[in-house]
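To start, the structure under review is shown below, and the notes come after it.
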Amino acid sequence: MSTIVNIVSRSKHIFLYGILMAVLIFVLKWLQFKFLILDNSFDIYVGLIAVFFTVLGVGVAMHIGKPRVQTIVVEKEVYIHQADALDHSELIKLNLSKREYEILQLIVKGNSNAEIADKVFLSVSTVKTHVSNLFVKMDVKSRTQAIEKAKRLKITI
């Protein structure tokens, strides 16, 4: 303890000058800040108003921007119209073979000639022949006409 007292008593002037220097620096910084505010008060007020309205705008946008969409799930029974029974009398009138009828069913499902050939294990040219015979027997010129007529005559599933 005596060593500390000795050090303080020897360097008493140094501590005193240090404390006075700190107080002086504090006073100068305070005066600088005070004059800064006085010299630039208009700029500071404009800046504070800008910050205020920016925060206000963000708050309003967050409040207004909330989605007001509500998802409502409605469960209903869906009735699927079952196809009517096949009209066998129309099938007999058209005189379609089983293979031609099978190809007509695949055409109605939207298959291409290549897909039909893969499904019924025939070559594409054979499928084209069957499609051509089908068009002649149904008296149509295109696949869409064949599909429309098959549905109208109720010969497809």
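Values in this text are rule-based calculations from the coordinates and carry no lab data. The model shown is predicted, which means the values in this text are computed figures rather than measured ones. So basically every Cβ, Gly included, is an ideal-geometry build from the backbone, and we count neighbours across all protein chains shown.
Identify, please: which residue in region 123-157 is in contact (Cβ under 8 Å) with a residue 12 or more places away in the chain and either touching a strand residue (DSSP E or B) at 6+ places or on another chain (Cβ under 9 Å) or assigned to a loop (DSSP other than H, G, I, E, B) (or both) and is, among those, surrounded by the fewest Cβ atoms within 10 Å (Cβ to Cβ)?
My answer is 157.
Looking at 5, 74, can you tell me which residue is outside any helix (DSSP H, G or I) and either touching a Leu at 6+ places or on another chain (Cβ under 7 Å) or exposed (fewer than 10 other Cβ atoms within 10 Å of the Cβ) (or both)?
74
If you go through region 52-64 one residue at a time, do you hit one that is part of a loop (DSSP other than H, G, I, E, B) and either loosely packed, with under 12 Cβ neighbours inside 10 Å or small (Gly, Ala, Ser) (or both)?
Looking for residues that are part of a loop (DSSP other than H, G, I, E, B) and either loosely packed, with under 12 Cβ neighbours inside 10 Å or small (Gly, Ala, Ser) (or both), one finds none in region 52-64, hence no.
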